[in-house]
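Here the structure is laid out as structure tokens; the discussion comes afterwards.
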Amino acid sequence: MGNPLAAVPPPRMKDGHRTWNASVPADDVLAKQFRLGPEELGPKASGCSVVKQTLQDGIRSGVETIEIDNGRIRFIVLPTRGMGIWQAHCRDVRLGWDSPVRGPVHPAFVHLDEPSGLGWLAGFDEMLVRCGLEYNGGPEFKDNGVLRYGLHGRIANIPAQDVTLSVDSENGSISVRGVVYETRLFGTKLRMTSTIGTQPGRAQITVHDSIENISSELSELELIYHTNFGPPLLEPGSTIVASVKKVIPCDDVATKGLPSWNIMGKETAGAKEQCFFCDLSASDEGRTGVLLRSADRRKAVYYQFNKKQLPCFTVWKNQQCKPDGYVVGLEPGTNYPNTKSVEKEQGRVISLAPGERRAFELVLEYLDDLDAIGTVEEAIREMTC
Amino acid sequence: MGNPLAAVPPPRMKDGHRTWNASVPADDVLAKQFRLGPEELGPKASGCSVVKQTLQDGIRSGVETIEIDNGRIRFIVLPTRGMGIWQAHCRDVRLGWDSPVRGPVHPAFVHLDEPSGLGWLAGFDEMLVRCGLEYNGGPEFKDNGVLRYGLHGRIANIPAQDVTLSVDSENGSISVRGVVYETRLFGTKLRMTSTIGTQPGRAQITVHDSIENISSELSELELIYHTNFGPPLLEPGSTIVASVKKVIPCDDVATKGLPSWNIMGKETAGAKEQCFFCDLSASDEGRTGVLLRSADRRKAVYYQFNKKQLPCFTVWKNQQCKPDGYVVGLEPGTNYPNTKSVEKEQGRVISLAPGERRAFELVLEYLDDLDAIGTVEEAIREMTC
Amino acid sequence: MGNPLAAVPPPRMKDGHRTWNASVPADDVLAKQFRLGPEELGPKASGCSVVKQTLQDGIRSGVETIEIDNGRIRFIVLPTRGMGIWQAHCRDVRLGWDSPVRGPVHPAFVHLDEPSGLGWLAGFDEMLVRCGLEYNGGPEFKDNGVLRYGLHGRIANIPAQDVTLSVDSENGSISVRGVVYETRLFGTKLRMTSTIGTQPGRAQITVHDSIENISSELSELELIYHTNFGPPLLEPGSTIVASVKKVIPCDDVATKGLPSWNIMGKETAGAKEQCFFCDLSASDEGRTGVLLRSADRRKAVYYQFNKKQLPCFTVWKNQQCKPDGYVVGLEPGTNYPNTKSVEKEQGRVISLAPGERRAFELVLEYLDDLDAIGTVEEAIREMTC
């Protein structure tokens, strides 16, 4: 099979797709590593490859990674971390950031219930990490000071089950699908089916999540796509181009930074984080997007999503020095990352009926062409008027 | 050796039994998977098989399962979850339940110390799970609201060590033994040696636990066998037949349900759980048992244990809809699942002297014969008089 | 390659050393087990061996052990537990202790954030375990009773990354190096590079740790080497020989034990632990050391370190019965194991500038020669005058 990574079961065929799968328990012997090349992926994906690894080094031990290379962009999906995306590379440009945490981190080493409410940070180093699903904002405490909701929720530290890889025999697009259950007796019962894909030769990653309330009772839902970029995309003068109708700084520090909310500054020791809550313009169908571009307009990420699905957009500027995490976050969400109680008061917590399902679609595109970047910038600016 | 699951060391022989084992550290290379068939199990267990797996899918990753099939009943023991029993199957009837949690769940994903006290629920989906050993009831908080004892204790999330498989060359009975240490410096020091077995061709599972205080000081002990059944055994009209001397509802909700405490109702969205604390009749030697049977008396589980070992019996009715966990629990225990302080006040917490040991023996039997079920029902009813 | 443990990649050569390594993610396929003998280790280490295992038994599952045998002393390094040392053996004498915990314990089973602050104890069974790095003392609570700092800090439950094994081709010395990151966004950012080594034929283990503040902001640091011995070295009459200038009992219980602070008593059910905070004499360069010897002076551990690096020395006497942990701790540290607030008030918490690094060097030597022990004892006593 041309598989250099040794004795793994060959991927099984499944209605025109090639797929690998895990079921439990009799058949639960999932390959810990493999490499799929042209032969396995077929003629439409001939320049592509898929590599699965199970990491074995310190706090990464046990993390499963699925690296998809479509010839133009190469990115790593993390089933073990709730279907997050670790990093992406386009030629020599890395998308993602350098967290003080050397991840990807196995959830076993993340103490979500740390009394400070900040345990989540011990696992935080992804380019794209979901916050949610029962709650997704800052930590919230009860009157007696005991933690009620930890920072950013549980979903990023719940491994996906039933992970499947598919190649579309028509157009060669490659996608990984995984199912994450945030469920328990007497608690939330939400099932997220996440499909992350790409088409050969395009510098795009598509994320399609479907979240269903599998309970017979009402369920609440909060979801934010915490999407993070450091150098080289982030540098002094990097700019967020967005069709904002309104920008609200989240606190006093952000208020001072408001005039330059969308212009990245230089790294500064001890800089405080700033959050801006944005209301974006969108098409009638909800289409909207933001651009993060380098100072010289030669590198950019164009992030498209749907405002009907994700009405709230938060910018997170963290301009500490590089070793402390020099990073900017683009965060489309169903709500803003306040505590759940605040968001509930504001009517921004979703209530899902039994069996109700919500879909979320996002496209992350890397651009490195001055003209293309200018065109997108123009389009976004026109939307504002 | 006829082992289709590849390069594992062949099981070692041990005084007439065939056994596999793990010791640490020089020799600690435990087979992650194997299958034993007629050739390995010997002539007395010729219709039987034993399959060991190490699961690798999401929150199941790393969970070791030992599936014993005796030709009549097939069940899965979970060394990784404190020697719980995940599910059993008799022909096409599954014993166990459909938890909102898709387990069996590796303890690394269970945050027992969640401030709510309910973290244990994130791992709860077994047919038989032990609650204990230092404490086993509902969550208990200190005056300042900080968690003191989490729901149902630690034992179910402590992996067993020194797991051994034995086949009795005389009668072919197969058993798995594992040792679970609930120990720490300055804390509880209890060692549970659990042996779970079955005889070829009988629809029975036997559980024999020996719990020893390995400290040189007194130790407290609480233990409940939280044994759970959903469909198909559970259905409207399913009935618990028990020789009760007294039934005490645990709260207002249960008080309303008291008249039908032993008759299962239909699944109902938002139904509140009901607990009934029962005092059972028993023989002079302590022998007692309860029956859970289907409405048509064609399927039943007969659960036998010893009242001298397990004086308290709790019925847990949870009649939420199936996706939320439609389930009934039969819970023989050393005490009732109140908070530890309440149980201590009531004198129901065991005090074990240094080196003292308690044995607990239970038999779970599946019945699918109308006459046999009627006979058992009769025997239990007579005991009541 | 003479490797009896099967299909592992052969160790790679690296500038005169033989080394194995892990990098992430493309190359992250670390051998789970191997054995290196004379052929791999080279002529200068011809009597030595190195065995790597990944344990698979209960709460040990996933723990990586590296056992180095230099022909005279044999010891096990635990990369998975922050580069601790589990146990050592010299011929038939075991150094280390019998904890009620049957470790080494994988950090996934240690709930550091247990509200009691004592979760760390669930993993505590090493001969040498580091306490730190953000905090290292007793548990500290906020005014509302919520845990602020858990007992003994996080470092012992953070697996090391980038683990490397080296053999010096000049003198045959063997060392294991690992890097432990205690880092997170908005938190401590300390990197410990630990090198644990030995020379062929000498009953010595050397520990060299370098801890660097990799943040661009100030960082605090606390570090204690919690080094623990039980029988056979510990017995009634075992004595700590130390050049003390001052010994301060930590509480009332210790005050009563002060007259015999350095003489070990017999095991006693329910005995309370006693801590003594010592100020040791040292050479101008800071060289100092303590000896723990058996009653008959035929067995001893000589522990040398540098007072300029580790100014505080704590003796921990725990004379409970053997099953409860009969153990004495020799604890050189940057501070005493009080709560962090107390140590900070006393000016004993280190402040590290951005990029600043501290080195810590310790030597553990086993002695079994009456004369040699006498000579060391003499030398220490002279230092006192």
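Only a single criterion out of (1) in contact with a strand residue (DSSP E or B) (Cβ under 7 Å, 6 or more places away or on another chain); (2) farther than 19 Å from B:Pro337 by Cα; (3) not polar (S, T, N, Q) is not satisfied by B:Pro259, namely (1).
Considering each of B:Val342, B:Val328 in turn, give the residue that is within 23 Å of B:Leu151 (Cβ to Cβ) and assigned to a helix (DSSP H, G or I).
Working: B:Val328 fails: assigned to a helix (DSSP H, G or I).
Of B:Val342, B:Val328, the one residue that is within 23 Å of B:Leu151 (Cβ to Cβ) and assigned to a helix (DSSP H, G or I) is B:Val342.
Looking at the stretch C:52-98 only, could you name the residues that are within 10 Å of chain B (Cβ to nearest Cβ), out of contact with any strand residue (DSSP E or B) (no Cβ under 8 Å at 6 or more places or on another chain) and surrounded by fewer than 24 Cβ atoms within 10 Å (Cβ to Cβ)? Once the filter is applied, which keeps residues that are within 10 Å of chain B (Cβ to nearest Cβ), out of contact with any strand residue (DSSP E or B) (no Cβ under 8 Å at 6 or more places or on another chain) and surrounded by fewer than 24 Cβ atoms within 10 Å (Cβ to Cβ), the stretch C:52-98 yields only C:Gln56.
For the stretch C:199-221, state whether one or more residues are of a type outside the set (Asp, Glu), on the phi > 0 side of the Ramachandran plot and within 9 Å of chain A (Cβ to nearest Cβ). Looking for residues that are of a type outside the set (Asp, Glu), on the phi > 0 side of the Ramachandran plot and within 9 Å of chain A (Cβ to nearest Cβ), one finds none in the stretch C:199-221, hence no.
Look at A:Trp97 and say whether it is more than 26 Å from A:Ser294 (Cβ to Cβ), touching a helix residue (DSSP H, G or I) at 6+ places or on another chain (Cβ under 9 Å) and at pLDDT 95 or above. So A:Trp97 does not fit the description; no. Would you point out the residue of the stretch C:178-198, among those that are part of a loop (DSSP other than H, G, I, E, B) and not charged (D, E, K, R), that is nearest to C:Ile211 (Cα to Cα)? Step by step, filter the stretch C:178-198, then rank; the result is C:Thr188. Checking each residue in the stretch B:166-184 for being out of contact with any Cys (no Cβ under 9 Å at 6 or more places or on another chain) and away from chain C (no Cβ under 14 Å) picks out B:Ser166, B:Asp168, B:Ser169, B:Glu170, B:Asn171, B:Ser173, B:Ser175.
I'm checking my understanding of the structure. Among residues of the stretch A:150-160 that are facing chain B (nearest Cβ under 10 Å) and in contact (Cβ under 8 Å) with a residue 60 or more places away in the chain, which one is surrounded by the fewest Cβ atoms within 10 Å (Cβ to Cβ)? Residue satisfying both the conditions and the ranking: A:Ile158. Among the residues of the stretch B:137-160, the one identified as outside any loop (DSSP other than H, G, I, E, B) and on the phi > 0 side of the Ramachandran plot is B:Gly153. If the condition is being within 21 Å of A:Ile263 (Cβ to Cβ), surrounded by fewer than 21 Cβ atoms within 10 Å (Cβ to Cβ) and among the aliphatic types (A, V, I, L, M), then the stretch A:327-372 contributes only A:Leu370.
Within the stretch C:115-130, the set of residues being of a type outside the set (Gly, Ala, Ser) and either closer than 24 Å to C:Glu67 by Cβ or in a loop (DSSP other than H, G, I, E, B) (or both) comprises C:Pro115, C:Leu118, C:Phe124, C:Asp125, C:Glu126, C:Met127, C:Leu128, C:Val129, C:Arg130.
Restricting the stretch A:169-202 to residues that are touching a strand residue (DSSP E or B) at 6+ places or on another chain (Cβ under 7 Å) and among the charged types (D, E, K, R) leaves a set whose member that is surrounded by the most Cβ atoms within 10 Å (Cβ to Cβ) is A:Lys189.
Taking B:Arg287, is it buried (at least 19 other Cβ atoms within 10 Å of the Cβ), under 20 Å from the mean Cα position of the chain (by Cα), at negative phi and charged (D, E, K, R)?
Taking the combined requirement at face value, the residue does not satisfy it.
Taking the numbered list (1) in contact with a Gly (Cβ under 7 Å, 6 or more places away or on another chain); (2) within 14 Å of chain A (Cβ to nearest Cβ) in turn, C:Gly187 passes all entries but (1).
If you filter the stretch B:99-114 down to residues that are farther than 15 Å from A:Thr183 by Cα and outside any loop (DSSP other than H, G, I, E, B), you find that the one that is farthest from the other protein chains (Cβ to nearest Cβ) is B:Pro107.
Of all the criteria given as (1) at pLDDT 95 or above; (2) more than 30 Å from B:Asn318 (Cα to Cα), the one not satisfied by B:Phe229 is (2).
Selection of first residues in the stretch B:267-279 that are more than 10 Å from chain A (Cβ to nearest Cβ) and closer than 20 Å to B:Thr314 by Cα and of second residues that are among the charged types (D, E, K, R) and surrounded by fewer than 19 Cβ atoms within 10 Å (Cβ to Cβ), restricted to Cβ pairs under 8 Å at least 6 apart or on distinct chains, gives the following pairs, ordered by first then second residue: B:Cys275/B:Asp251; B:Cys278/B:Lys246; B:Asp279/B:Lys245; B:Asp279/B:Lys246. Evaluate the stretch B:161-177: report whether one residue or more is assigned to a strand (DSSP E or B), farther than 30 Å from B:Pro231 by Cβ, free of Cβ contacts under 8 Å to residues at least 24 places away in the same chain and out of contact with any helix residue (DSSP H, G or I) (no Cβ under 6 Å at 6 or more places or on another chain). Yes, some residue in the stretch B:161-177 is assigned to a strand (DSSP E or B), farther than 30 Å from B:Pro231 by Cβ, free of Cβ contacts under 8 Å to residues at least 24 places away in the same chain and out of contact with any helix residue (DSSP H, G or I) (no Cβ under 6 Å at 6 or more places or on another chain). The residues on offer are A:Arg348, A:Arg298, and the sole one that is basic (Lys, Arg) and touching a strand residue (DSSP E or B) at 6+ places or on another chain (Cβ under 8 Å) is A:Arg348. You will find that of A:Thr54, A:Thr80, A:Thr65, the residue that is closer than 14 Å to A:Glu126 by Cβ and at pLDDT below 95 is A:Thr65 and no other.
Filtered by the rule that a residue be facing chain C (nearest Cβ under 10 Å) and either under 14 Å from the mean Cα position of the chain (by Cα) or of a type outside the set (Asp, Glu) (or both), the stretch B:115-143 gives B:Pro115, B:Gly117, B:Gly119, B:Phe141, B:Lys142.
Within the stretch B:125-142, the set of residues being surrounded by fewer than 24 Cβ atoms within 10 Å (Cβ to Cβ) and aromatic (Phe, Trp, Tyr) comprises just one member, B:Phe141.
Count of the stretch B:214-252 residues, restricted to those that are assigned to a strand (DSSP E or B) and over 21 Å from B:Glu377 (Cβ atoms), is 11. One residue stands out among those in the stretch B:306-325 that are assigned to a strand (DSSP E or B) and within 14 Å of chain A (Cβ to nearest Cβ): the one that is nearest to the chain's Cα centre (by Cα), which is B:Trp316.
Here the condition is being within 22 Å of A:Ala372 (Cα to Cα), within 19 Å of the chain's Cα centre (by Cα) and hydrophobic (A, V, I, L, M, F, W, C); of A:Leu234, A:Leu223, it holds for A:Leu234 alone.
The values are calculated or read from the model by the stated rules, or taken from the named source; none is laboratory data. Quantities reported herein were computed from a predicted structural model and do not represent experimental measurements. Positions of Cβ are generated from backbone atoms using ideal geometry, with glycine treated the same way; all protein chains shown enter the neighbour counts.
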